[in-house]
Structure formats: C-alpha cells, structure tokens
Amino acid sequence: MASTAPAFVHTLPAPFAPVPLADADSLPPHPVPELITQGAEALVYRTHFLTTSTLCALKYRPKKSYRHPTLDARLTKGRILAEARVLVRCRKEGLAVPAVMGADWEAGWLATEWIDGQTIRAYLDDYLHGIDDANVVAEQQEELMELMARVGESVGKMHEIGIVHGDLTTSNLMLRPKNKSGRESSAYTNRDLEGDVVIIDFGLAVQSIQDEDKAVDLYVLERAFGSTHPQAENLFPEVLRAYGESHKGAKVVLKRLEDVRLRGRKKSMLG
Amino acid sequence: MADGTTLQLPHLASHPVHISLFADVANAPFLRQQLLEGNSAFEYAFLDASTIISVNHVLAAVFRAVNDLLHGRLKSRNVHSEIVFSLSPNNNIAESFRRFGISDTTRTLLAIKVLNSPATDPIPDPSSHLATHVQGQRVPFNDATLALTAEIPRVRKIYKLDSGGDAGGRKGKGGKGQPNGAMAANSTIKEMEAVILGIMAVKGS
C-alpha cells in the first residue's frame, strides 16, 4: 500500500496524492499514478479515472516556486483551460484527439482519455530500422504512404476547424490500433498500420484562422520529419498531398508554406 | 430486486458513493418536496435519469462535486446539490436543477448519496432507506439501462452538441466503413460522453 508506493519526484495534488500513512490501512487499495513522461511545464501520469477500468492520462502542472504565486496560479489556470477547451472543441467536431475527462485548474491537473498505441515517430523509427531489408521496405512502403495520407487528413481537419497545434511533431501524433491488442512495440514484421491517427498534446495550441499560423504548423512538422527521420524524406510530400485535399483553404496554406520555408532559411539573418 | 450500487471512485476511496436507479417512479412530487423542505433524512442527489446518458456521465459529476468538496469550493448548498450542478454546461444553478434534478413528472430516478463519514451518517444504509421511500422499481445502474432511459435529442440540445454546423454525421472516425447498425449507435453515445465530460470539466472557469 502507501508504504510500498514509489517515491514521487513531484507530489501530485489531492485527490491523486498518495494516501497518508495513517489512513492507508483503513482504505481499500489505491491506484497509484505512474509517471509516463515529463516536459518543461508538466508531468504526465497514467492512472485510473471514474472507474478502475478506465485509464486516463493525467497532466499535472506543478507550482513553480520561482514565480509569484498569483501569477503562477493565473498562468497554470490559463494553460490548462486553453488546452482543455481546444480538446473539447476538436472532439466536438469529430477530430480524433484525447477526450477531456476532468480538470482542476487550481490544483493544476487535466485528466484526458488514455490513447492506446504508439507515436508515429516510433512507427517511423521501426520502419527506418528495417530499411536495409528491401523486401520489408516494399511491403511496408504502401502501408506507410497510406498512414502519411491519414496524418495529412487529420492535420487538415484540425486546421479546418480553426485549431493550430503549435508543436506538431511526429511524437505528438499517435496511431491508435484498430484492435486493442496491438500495443506491441519493435518487431516491424508484426506491425499493423491500420487505425486512427490521434493528435495529442495541445499544450501550445491556439485557435487561429491565419494561414500563416497553419503554414508554420506544417513547417514545424516538416522539420520534425527532416531532423528525426532524414531517410524518410519521401514520406512528407504524401502528408502534404493529403493535407492539400483535406479542406477548402488547404491549398492556400501550402502556398504559404513555401514562403515560410524561405523565411525559415533566412531566419538567422533577420535575428 | 437489485440492491443499488455502492462504489468507490478511483482516488476518492474516502468517499464511497451509493447509487440507485429506479424506473416507473410514482411519487416524484413527494421526493422533490423532501429536498425543497431540506429534510435531512433525504440527503441525496435526486437526478432525472432522462438526461443521463451513461455511467461515466454521472460519475464525472460525482467526481467533480466530491473534489470541489475536498477543496472547499462548493458553489451550491452541499455535495449533493453540487452533483446536479456539476452536470450542467453553464453556471446557472436553478437551470441545472430544472434540467438534471428530479421534477414532479420524473419517471426514472437516479438517487446518489455520498457517504463521506459513515460513522456519523444519519442514513447508514441508503439502499433500504430508498427502497422504503421511493415508489418505483429498482433497476440495475449500468450503461445499458441508462441508454434506454436517456432522451438523447434533449441531451444533445442541453450540451449544444449539434452547434457549429456539425450534425454528428462526421463523428467517430473508427466507424468509417462500418455499416450503420447497433455498433454505430453505441459509438455515438460513447462519443457524446467524451464531449460531454469535457464540457462539464471546463465549465465554471
């Protein structure tokens, strides 16, 4: 029970905090949140929410002691609510994103639906790992292109409803397998690239109708493809192709992307 | 006859929750009157189940109410009225009671009691207390029963799920290519739940 619970780097706020020792015996087993990942602003835990059979991702933004308490509270509240509102908006419009299950901006947490599966980045890494094997490539190529098209469609749909992600990388795109059993990693022979592309981590997302913002979103994703998967260069054009056909304003954004690419190169000169 | 359910929400083990669902309730005006009079023997959240679509829908409201209780920031009289208020998409308490609370015409009733301190509780066994005072038939509290009693169009209207030109036809990417049978209807309720929980979570900001 509580005595065997792992020590937390950060202590989660109530009610997710570990049960105090004095109460531990009188209460039934307490699901202990498991730390999954940590970013600059937040920690992400996996735990249960509402029922013991419902997994959730708990995003906790700890208090920053170097900030004035009033400012800290205001920033935390603003960021949690901004992310939650964008997620609700996306979900309402039918875009595959994690559903919001609960939030407490005073305590600093946001509970969202747990997404099974892996990041697109992991899939690409697997694919590139097997790129020496010509047979595997041929087999995977078509499936992978199809996956890239779905990525383009999803990003297109997100932009269509007026959401700009702000940190669009292959790590923030997930593939949720069709059948729930497909949580296996590595072994690329066993891969199944079917399923829904789910966009995650809307911590930097904004609601915007500016083509410029959308183009920068695509530019960031292009750079993410280029830097983490240099051998996968031929994949990104397929993302853009599908994006271009995804909604009415997409072609204009692609045009704008060309400007952003040029400016991106000149960035250092402009300071 | 089913007994009602007493469950512990994950992370809120200190506050077990009793939930009973009754169909064909005949004395809703009497039960509502007990709440209006503030009868301390009827410390319940009495919900009209027609606006509840699933187990998680109501558990999310309970979680929010108990969590707000723990943090000392209830917006209404007590944790039970707060459960009703938590279901609402806006901050109008009176409206939340009209939409989600028991009315004189309620036929399907969801009775909820938060058992925060069993030792001092005036009703140690809400299950039999409810059985004595609610004239109705106890039915299992689960998704299948709630799906039958929910008035989906009304719920969609309350949470404005059809605003923004999306009539719901595009919902559920997973349903792509599947025939529109029983599966599709179920995924729609799941999808509604996903959006509704979010709307409930961000309200009051």
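The values are calculated or read from the model by the stated rules, or taken from the named source; none is laboratory data. Only a predicted model underlies this, so the values are computations on that prediction, with no experimental measurement involved. Counting neighbours? That spans all protein chains shown, and the Cβs are built from the backbone with ideal geometry, glycine included.
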Any residue that is part of a loop (DSSP other than H, G, I, E, B), at pLDDT 95 or above and over 24 Å from residue B:192 (Cα atoms) - is there at least one of those in the stretch B:8-25?
yes
Checking residue B:11 against (1) more than 14 Å from chain A (Cβ to nearest Cβ); (2) more than 15 Å from residue B:81 (Cα to Cα); (3) in contact with a helix residue (DSSP H, G or I) (Cβ under 9 Å, 6 or more places away or on another chain): exactly one of these is not met. Which one?
(1)
Enumerate the pairs (first residue in the stretch A:152-170 and among the acidic types (Asp, Glu); second residue anywhere and outside any loop (DSSP other than H, G, I, E, B)) with beta-carbon separation below 6 Å, excluding pairs fewer than 6 apart on the same chain, so at least 6 apart or on different chains.
A:153/A:242; A:153/A:246
In the stretch B:10-52, anything among the aliphatic types (A, V, I, L, M) and more than 22 Å from residue A:54 (Cβ to Cβ) is listed as B:23, B:25, B:26, B:28, B:31, B:35, B:36, B:41
Among the residues of the stretch A:67-78, is there at least one that is within 9 Å of chain B (Cβ to nearest Cβ), over 13 Å from the mean Cα position of the chain (by Cα) and not small (Gly, Ala, Ser)?
yes
So, of the residues in the stretch A:80-108 that are part of a helix (DSSP H, G or I) and more than 7 Å from chain B (Cβ to nearest Cβ), which turns out to be surrounded by the fewest Cβ atoms within 10 Å (Cβ to Cβ)?
A:82
I'm told residue B:43 meets every condition in (1) within 14 Å of chain A (Cβ to nearest Cβ); (2) under 20 Å from residue B:5 (Cβ atoms) except one. Can you identify the failing condition by its number?
(1)
Can you tell which of B:86, B:96, B:76 is more than 10 Å from chain A (Cβ to nearest Cβ), of a type in the set (Ser, Thr, Tyr), farther than 12 Å from residue B:112 by Cβ and assigned to a helix (DSSP H, G or I)?
B:96
